[in-house]
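These notes are about the structure you will find just below.
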Amino acid sequence: MTAFSRVPAQPGDFIFDPNRVALLIIDMQRDFLYPGGFGESLGNDVALLRTVIEPLAGLLATARAAGIPVIHTREGHRPDLSDCPPAKLLRGDPAQRIGDPGRFGRILIRGEYGHDIIDELAPVDGEMVIDKPGKGAFYATELADALADRGIRSLLVTGVTTEVCVHTTVREANDRGFECLVVSDCVGSYFPEFQRVGLAMIAAQGGIFGWVADSAAVRAALTSAVSPSPAQ
Ligand code: TIU
């Protein structure tokens with residue numbers, strides 16, 4: 001019989017099967033978190049995202065210890081830009097577009113230093129890394145198949161940015177039947193008001209897109225899910 005886990009959350013408890021849950025870490029790349037990358041090229045203050053790193057590193061450690069599958073994503077494009085729609089390429093500052101040379105290599109291009117995940121959250125052996133050309137992690141990727149292969153039904157969603165790639169992915173996941181808990185202190189935005197409203201939109205209307213809880217609540221549930229009971 002399956003023992004389910006429970007996280008106190010908005011708009012109500014998030015209940016999940018610990019054998020069918022994954023931690024999804026969206027786009028924690030230097031290009032979004034460091035000055036000189038894609039995020040800054042769009043006119044953003046990237047320092048605002050750094051608050052996510054410490055709580056997310058803690059949650060990642062707990063997920064690894066609990067044996068929960070961890071999936072990282074990276075937004076970016078092929079060096080020839082063949083997977084970058086013109087509508088995306090032409091947006092933003094013309095002097096600093098996708099594919100242009102930046103401080104950490106060509107901006108948002110696969111294989112460049114800036115495109116990779118920050119050291120603090122670097123994937124370890126056995127963790128999947130999904131390269132995605134869009135904002136949503138399901139569009140034009142192998143994510144749906146990977147989740148189906150592992151029997152995953154519930155996602156603990158983290159990363160950046162709350163209102164862009166996190167929201168897009170959560171919406172895609174909802175339409176594919178996944179239950180999503182967005183971890184409030186492990187997602188970040190360049191805009192404090194978008195962070196607040198982005199999280200509120202997930203849990204509004206009885207959880208129209210899912211649930212919201214902080215990492216302390218999620219870590220407690222993951223830890224209790226793997227602790228042997230005294231009776232065993
Ligand atoms: N600009 C912005 O807020 N985000 C992105 O472009 N990509 C992600 O959210 N990963």
(message) Any residue in the stretch 26-40 that is part of a helix (DSSP H, G or I) sitting within a Cβ distance under 9 Å of a residue that is of a type in the set (A, V, I, L, M) and within 8 Å of the ligand (Cβ to nearest atom)? List the pairs, counting only those 6 or more apart or interchain.
(response) F32/V160; L33/V160; G39/V160
(message) I'd like to check something: does the stretch 100-122 contain any residue that is touching a Cys at 6+ places or on another chain (Cβ under 8 Å) and under 22 Å from L49 (Cα atoms)?
(response) no
(message) Just checking, does the stretch 51-60 include any residue being of a type outside the set (K, R), open to solvent by 10 Å² or more (accessible area, probe 1.4 Å) and part of a loop (DSSP other than H, G, I, E, B)?
(response) no
(message) For the stretch 129-172, give me the residue count where each residue is more than 15 Å from the ligand (Cβ to nearest atom) and under 13 Å from the mean Cα position of the chain (by Cα).
(response) 2
(request) Can you run down the residue pairs with Cβ atoms below 7 Å, 6 or more apart or on separate chains, where the first is in the stretch 160-171 and of a type in the set (D, E) and the partner is more than 6 Å from the ligand (Cβ to nearest atom)? (result) E163/S189; E163/F194; E163/G198
(request) Among the residues of the stretch 49-67, write down those that are under 15 Å from the mean Cα position of the chain (by Cα) and among the aliphatic types (A, V, I, L, M). (result) L49, V52, I53, L56, A57, L59, L60, A63
(message) Name the single residue that is nearest to L60 (Cα to Cα) among those in the stretch 106-133 being open to solvent by less than 10 Å² (accessible area, probe 1.4 Å) and part of a loop (DSSP other than H, G, I, E, B).
(response) I118
(message) Among the numbered criteria (1) of a type in the set (G, A, S); (2) within 13 Å of the ligand (Cβ to nearest atom); (3) in contact with a helix residue (DSSP H, G or I) (Cβ under 6 Å, 6 or more places away or on another chain); (4) without any contact (Cβ under 8 Å) to a residue 60 or more places away in the chain, which one does S184 miss?
(response) (2)
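The values are calculated or read from the model by the stated rules, or taken from the named source; none is laboratory data. Worth saying up front: this structure is predicted, and the values here are computed from it rather than measured. Ideal geometry is used to build each Cβ from the backbone, glycine not excepted, and the neighbour counts take in all protein chains shown. Quick note on the areas: whole protein, heavy atoms, side chains included, nothing else; ligands and nucleic acids left out. Shrake-Rupley method; radii C 1.70, N 1.55, O 1.52, S 1.80 Å.
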